[in-house]
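Participant: Dumping the structure here so I can ask a few things about it.
The values are calculated or read from the model by the stated rules, or taken from the named source; none is laboratory data. Quick caveat: nothing in here was measured; it's all calculated off a predicted structure. Glycine gets a Cβ as well: all are built from the backbone with ideal geometry, and neighbour counts include every protein chain shown. With ligands, DNA and RNA removed, areas are computed over all heavy atoms of the protein, side chains included. Shrake-Rupley method; radii C 1.70, N 1.55, O 1.52, S 1.80 Å.
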Amino acid sequence: MGRAFEVRKSAILKTAAAKAKVYSKYGKEIYMEAKNGEPNPEMNAGLKRIIERARQDQVPRDVIERAIEKAKGGAGEDYHAVRYEGFGPGGSSFIVECLTDNDNRTIGEVRNAFTKSNSKLGVAGSVMHGYDHVGVLGFDYTDEEEILEILFDKEVELQEIEVEEGSMSVLVEIADLYKAKEAIEEALGDIKFEVCELTYIPHDTVTLSTDDDKKMFEKLTSMLDECEDVQDVYHNIV
């Protein structure tokens, strides 16, 4: 399997987490985007795109509307994004993205997850150099030449296209993700995107070979998932 397929599979698995965690994740993102900009999605492209992703992940309308109404009120939490990098079992690496209103609480919980799984939290930049930050679109389609032409005409910075078992993964520069999505929708009409997100793709992958490493991996990812401030976790384990 190609690396784009692994990214698509990972993205799909992420949305299979507990519903409460998914709702909390999108609630924070919607609230922050609405509070920092225009709370009307028709006048705020960033907010509109987050709402589209939330609906794709089956977030209920009332969760979305509550986050927007909370932002309109002007009060509430003041979230900001933080990113942590670390080293997991078997020579693996991790990128942990969070939204928080309390840096001390968040780094304490993330560090605790690494420490208790025999892993190590790194410094900024210690892991990022081993990943590409890209936009990924995943959808059912097989005509690679047609997609190439569509994206070329719209001057999308394309990195890679891969077709696997009737599904296509399109990797683009992060700034061009929604430009690419809109170009494909405009040209092909009713396309359902299984994946539409910014992600990190590792240059190299590792496979855990011992039961202890596998156990520590499960413990680390489970503890990170339980951290309220953690939004997304990326790693190079396959």
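Participant: Dividing the alpha-carbon Rg of the chain by 2.2 N^0.38 Å yields what? Please report the intermediate quantities before stating the final value.
Facilitator: Values: Rg = 18.5 Å, N = 238, 2.2 N^0.38 = 17.6 Å.
This ratio for the chain stands at 1.05.
Participant: Oh, and also: From the helices alone, meaning DSSP H stretches of at least four residues, give me the mean residue ellipticity at 222 nm for the chain, per-run term -39500 (n - 2.57), in deg cm²/dmol to the nearest 500. All intermediate terms of the calculation are to be shown ahead of the outcome.
Facilitator: On the way: 8 runs with 106 residues, N = 238.
Value at 222 nm, helices only, nearest 500: -14000 deg cm²/dmol.
Participant: Picking from ASP57, ASP204, ASP225, which is most flexible by a Gaussian network model of the chain using Cα springs under 10 Å?
Facilitator: Evaluated over the chain, the most mobile residue of the options is ASP204.
Participant: I need the peptides 108-117, 90-99 ranked by packing, meaning the mean over residues of other C-beta atoms within 10 angstrom, with the highest value on top. Present the calculation step by step, with values, prior to reporting the outcome.
Facilitator: Numbers: 108-117: 17.6, 90-99: 21.0.
In decreasing order of mean packing, 108-117, 90-99 become 90-99, 108-117.
Participant: Please compute P(r) over all alpha-carbon pairs of segment 121-231, binned at 10 Å starting from zero, and give each bin as a whole-number percent.
Facilitator: All Cα pairs, binned at 10 Å, distribute as 12, 34, 28, 20, 6, 0 percent.
Participant: Taking the Cα centroid of segment 170-226 and of segment 126-158, what is the distance between the two, rounded to the nearest whole Å?
Facilitator: With segment 170-226 and segment 126-158 each reduced to a Cα centre, they are spaced 13 Å.
Participant: On the accessible surface of the chain, probed at 1.4 Å, how many percent belong to carbon and sulfur atoms? Write out the running numbers ahead of the final one.
Facilitator: Details: 5920 of 12510 Å².
Whole-percent figure for carbon plus sulfur exposure: 47.
Participant: Moving on to the next point. Using a 7 Å offset from the Cα along the Cα-to-Cβ direction at both LEU158 and ARG66, what is the distance between the two label points in nm, to one decimal?
Facilitator: 4.3
Participant: Please compute the modelled spin-label separation between GLU218 and ARG111, points set 7 Å along Cα→Cβ, answer in nm with one decimal.
Facilitator: With each label placed 7 Å out from Cα toward Cβ, I get 2.9 nm.
Participant: Something else: Between their Cα atoms, which of LYS120/LYS181; LYS28/LYS48; LYS25/LYS116; LYS70/LYS192 are more than 26 Å away from each other?
Facilitator: Details: LYS120/LYS181 37 Å; LYS28/LYS48 14 Å; LYS25/LYS116 24 Å; LYS70/LYS192 30 Å.
Over 26 Å apart, Cα to Cα: LYS120/LYS181; LYS70/LYS192.
Participant: Now, a different point. Can you give the local net charge around PRO41? Use residues other than it whose beta-carbon is closer than 10 angstrom to its beta-carbon, Lys and Arg +1, Asp and Glu -1. Display every interim value, and only then the final one.
Facilitator: Numbers: positive: LYS48, ARG49; negative: GLU33, GLU38, GLU42, GLU52.
Taking every other residue near PRO41 into account, the sum is -2.
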